[in-house]
Every structure is written in C-alpha cells, then in structure tokens.
C-alpha cells in the first residue's frame, strides 16, 4: 500500500497495524503518515480527506458515505468482501482489492480514480443525502422521549 500511496503525491494517513519496516521510519520525510489509531469519523469529516481505503466494515462504509468520501475497498473477510464488491457495483468505491492478490498498480489506479471521478463523487453525494434523509438519530431520540414520557404515567 505504501508504494501505491507514494505514487499519488497526496498526503496519506494510514491507520492500523503495519509490519515493521513497512511504514515510514523515524525522521523520514514523505507523504505517508502511519498511526495505530485515528478518530476515523473526524478524519472522514475533514474537508481535506479526498479518498478512503477501507476494509469495508459497516461502520467505516457508513461514515464514508455520510461524509461523501470516495472509497477503495480492501476487505479482509466475511461481510467486508460482500460490502466491498457492492460498493463498487453501486459506484461508491472505485475498486475492491483483495489482500491475497494485492497489486500496487491496481491500487494506484483505484486511488487516482477515487480522487478524480465525478461519477463516484456524485454517487457518494446521493447516498449521503439518502442516509441523512432517514433522520435516524432524530427518530430514535423521539421514540426514547416517548417511552420515557409513557413510563411516567
């Protein structure tokens, strides 16, 4: 992934475990920053976040869609593989890369497309608008308030 990220000439934030020696070394200059953990929702909400390489867990894909950040799927197992393929199918992700056949050139192409594709941006906006229209938190809050009021009777 480092090879793919370096080729984009964009600053890249990697969050998660990385084998020793694979990430930037102390004092090394470059566009790749590695962290063991980041506040993902805050990163995705940041206006400078332009694309998201994700394992495609449910929370990750919902946060990316909510914040309209184009995705590159890199699933590891189970539902993530289904989610990644479905994201590509609906136009929210530019590729579904598999870890056992990972190809840096394919990743570079997927990242480049995610950074430049008006089609993907349009899809993400449409999906985000749909999620926001559901007003999930508002509905849950109203239902909770209703139950609290009913319990006081």
Can you figure out the FRET efficiency of residue 122 with residue 50, using R₀ = 25 Å and their beta-carbon distance, to the nearest 0.05?
0.95
Quick one: 88, 140, fewest Cβ neighbours within 10 Å first, how do they rank?
140, 88
Could the peptides 90-100, 123-133 be put in order, highest first, of the mean number of other beta-carbon atoms found within 10 Å of their residues?
90-100, 123-133
Please arrange 72, 65 by counting, for each residue, the other beta carbons lying within 10 Å of its beta carbon, fewest first.
65, 72
From a point 7 Å beyond the Cα of residue 10 in the direction of its Cβ, which residues of the range 41-67 have a backbone N at a distance under 20 Å?
41-57, 60-67
Could you work out how far apart the two model spin labels at residue 132 and residue 109 are, taking each label as a point 7 Å from the Cα in the direction of the beta carbon, and quote it in nm?
3.4 nm
FRET efficiency, residue 90 to residue 146 (Cβ-Cβ, R0 41 Å, nearest 0.05):
0.75
4 °C / 1.567 mPa s Stokes-Einstein diffusion coefficient of the range 41-153, Kirkwood radius on C-alpha pairs, µm²/s
85 µm²/s
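All of the numbers you see were taken from the coordinates with simple rules; none came from a lab. A quick note: this is a predicted structure, and the numbers were derived from the prediction, not measured. Positions of Cβ are generated from backbone atoms using ideal geometry, with glycine treated the same way; all protein chains shown enter the neighbour counts.
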